[in-house]
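Asks: One structure, as structure tokens, below. Some questions next.
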Amino acid sequence: MRNIWAAVAGFAPVLATVATLAPIAGAAHTGIGIVVLGAAVSLMSARSAHARSPWRLLLVPVGAVVIATFAVLFHTAHAFGDAFFVVTVAAATAARALGPAAGRFGRALILPLIGMLIAPINPGPHPLRTLAWATLAVFVAEVYGLLRVQPAEEELPSTAAPRIHAWRAAQSALALTLAFTIGQTVFGEHWAWTVISAYTVGAAARSRGDALLKGAHRTLGALGGTAVATCLTLLIGDHRQVAVALLLAILAAAFSLRQYGYAWWAAGVTAALALLYSLLGVSGTEALPLLGTRLLAVFVGALCAILPATLLAPIRTGAVLHKRTAETLRSARDGDYALAVRQVGALREAAQPLLAIRRFRERRELAWVDALTGALPDLRALSADPADTVALGRVRTTLKAVGTDLKAAVS
């Protein structure tokens, strides 16, 4: 029940954004582009640990400059817009080496760029007017983001060396360059699907195993979503009200199921896209070839992200688990049990690639993940009452066993 409430509370700003922008777009005859842009920014900002920070509103004017620059450059010449996008994402990735604030600033700037790929804004004959509407969409999405009911989790500070962030920036730049080149050459006007896939797979990949897992999830999710969307496009036809209701319902379900696997989110977005086609006037069997094109573009985009993560200074999943296990042990031994609880969560996330293949290959690091996960109730008890001697005794036993095995593994 708690998870359902969290999903409803998390998705409410998206509904509020759509409900606010839809009548505005109708009255101003702007089309649904600004509605989709606002919804996309709201959905992506929901994943941010600092979505409720008022400082984000100060970035809206900066985001407007980013939107305007990308839109003007891209519609002047694709190559200029492509280069601006690649450089901006790479710089935002490298900025994480400067600290959490710089990392958050970079991610906040990328949100409107990704939104622009989902809902392209053409400056047309009145660029200032068009870009003003796009800025309004981002502003509305950010304002409603501040009203989220659930508290935002504090972001764990990055302990990666600056060179790691530099290499990740290089990986992102190469992945996006490949995605732009292949997407615009092979998929024509649907090139953005390749770029979005490359970004979502590679941007948050913690290791090469994580990139492979995210790529597989995104491709499988898109395949499942395509199957659902095929049925929906044939059933819905041109019934716009039904399409809107189902689109929001599918996105809400995908939003709530995303915590169980990225494949659910990819499936939901793919199915929702079919309904979006009906809103754009593409319905019935006309949309079916587009779904096949999208599936292929998603797969190619995932490959564009996987190749740099695998070949260009790859980060091993095992090395990430070694480091995060050591950090968790250090926090628990220092008595910072609340931090240790969050670090165990981060450790489990980093271990997902190994957990996915556990039935085929058992890795030593998974024993540490299991042991520290089992210690979570005691760590939570100690964060509330550090004098709990029973919980402290069990935690110390676990820390000693995991620490001994960790030292043996690295020696």
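Asks: For residues that are open to solvent by 30 Å² or more (accessible area, probe 1.4 Å) and over 17 Å from the mean Cα position of the chain (by Cα), scanning just region 209-225, find the one that is nearest to I250 (Cα to Cα).
Replies: Across region 209-225, the extreme among qualifying residues is G224.
Asks: Now a separate question. Could you grab me the full set of residues in region 59-82 that are surrounded by fewer than 17 Cβ atoms within 10 Å (Cβ to Cβ) and among the small types (G, A, S)?
Replies: Answer for region 59-82, where residues must be surrounded by fewer than 17 Cβ atoms within 10 Å (Cβ to Cβ) and among the small types (G, A, S): A77, A79.
Asks: Still on this model: Go through region 395-411 and give me each residue that's open to solvent by 20 Å² or more (accessible area, probe 1.4 Å), touching a helix residue (DSSP H, G or I) at 6+ places or on another chain (Cβ under 8 Å) and within 15 Å of A340 (Cα to Cα).
Replies: T398
Quick grid of which residues meet (1) touching a helix residue (DSSP H, G or I) at 6+ places or on another chain (Cβ under 9 Å); (2) modelled with pLDDT of 90 or more; (3) small (G, A, S):
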| site | (1), (2), (3) |
| --- | --- |
| P289 | no, no, no |
| H322 | yes, yes, no |
| A340 | yes, yes, yes |
| R363 | yes, yes, no |
| A375 | yes, yes, yes |
| D385 | yes, yes, no |
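Asks: Could you check P123 against (1) over 26 Å from A266 (Cα atoms); (2) at pLDDT 70 or above and say which number it fails?
Replies: (2)
Asks: Quick check: is even one residue across region 357-368 within 30 Å of R316 (Cα to Cα), among the aromatic types (F, W, Y) and surrounded by 13 or more Cβ atoms within 10 Å (Cβ to Cβ)?
Replies: yes
Asks: Next question, about the same structure. Does region 317-360 hold any residues that are outside any helix (DSSP H, G or I) and either polar (S, T, N, Q) or closer than 19 Å to L212 by Cβ (or both), and which are they?
Replies: A351, I357, R358, R359, F360
Asks: For Q259, only one of the following conditions fails: (1) open to solvent by less than 60 Å² (accessible area, probe 1.4 Å); (2) in a helix (DSSP H, G or I); (3) touching a residue at least 60 places away in the same chain (Cβ under 8 Å). What is its number?
Replies: So Q259 meets the others, but not (1).
Asks: Which of the residues that make up region 262-273 are at pLDDT below 75, within 17 Å of L296 (Cβ to Cβ) and open to solvent by 20 Å² or more (accessible area, probe 1.4 Å)?
Replies: Of everything in region 262-273, those that are at pLDDT below 75, within 17 Å of L296 (Cβ to Cβ) and open to solvent by 20 Å² or more (accessible area, probe 1.4 Å) turn out to be V269, L273.
Asks: Within region 361-411, how many residues are of a type in the set (D, E) and not in a helix (DSSP H, G or I)?
Replies: Total meeting the criteria: 3.
Asks: Which of the residues belonging to region 311-354 are surrounded by 16 or more Cβ atoms within 10 Å (Cβ to Cβ) and within 28 Å of I182 (Cα to Cα)?
Replies: The answer is P314, I315, P353.
Asks: In this structure, is R206 in contact with an Asp or Glu (Cβ under 8 Å, 6 or more places away or on another chain) and either open to solvent by 30 Å² or more (accessible area, probe 1.4 Å) or at pLDDT below 75 (or both)? Walk me through it before giving the result.
Replies: Details: in contact with an Asp or Glu (Cβ under 8 Å, 6 or more places away or on another chain): yes; either open to solvent by 30 Å² or more (accessible area, probe 1.4 Å) or at pLDDT below 75 (or both): yes.
The answer is yes for R206.
Asks: Please go through region 141-180 and pick out each residue that is polar (S, T, N, Q), modelled with pLDDT of 85 or more and under 24 Å from G38 (Cα atoms). Let's see the steps before the verdict.
Replies: Here is the first cut: in region 141-180, the residues polar (S, T, N, Q) are 150, 158-159, 171-172, 177.
Among the residues that remain, those that are also modelled with pLDDT of 85 or more are: 171-172, 177.
Those that are polar (S, T, N, Q), modelled with pLDDT of 85 or more and under 24 Å from G38 (Cα atoms): none in region 141-180.
Asks: For region 2-23, name all the residues that are in contact with a helix residue (DSSP H, G or I) (Cβ under 6 Å, 6 or more places away or on another chain) and at pLDDT 75 or above.
Replies: Step one: filter region 2-23 for residues in contact with a helix residue (DSSP H, G or I) (Cβ under 6 Å, 6 or more places away or on another chain), giving 7, 11, 13-14, 16-18, 20-22.
Selection gives P13, V14, A16, T17, V18, T20, L21, A22.
The values are calculated or read from the model by the stated rules, or taken from the named source; none is laboratory data. Predicted model only: the values in this text are computed from it and were never measured. In this analysis, Cβ positions are derived from the backbone assuming ideal geometry, glycine residues included, and neighbour counts consider all displayed protein chains. In case anyone asks, the SASA skips ligands and DNA or RNA and just uses the protein heavy atoms, side chains included. Shrake-Rupley method; radii C 1.70, N 1.55, O 1.52, S 1.80 Å.
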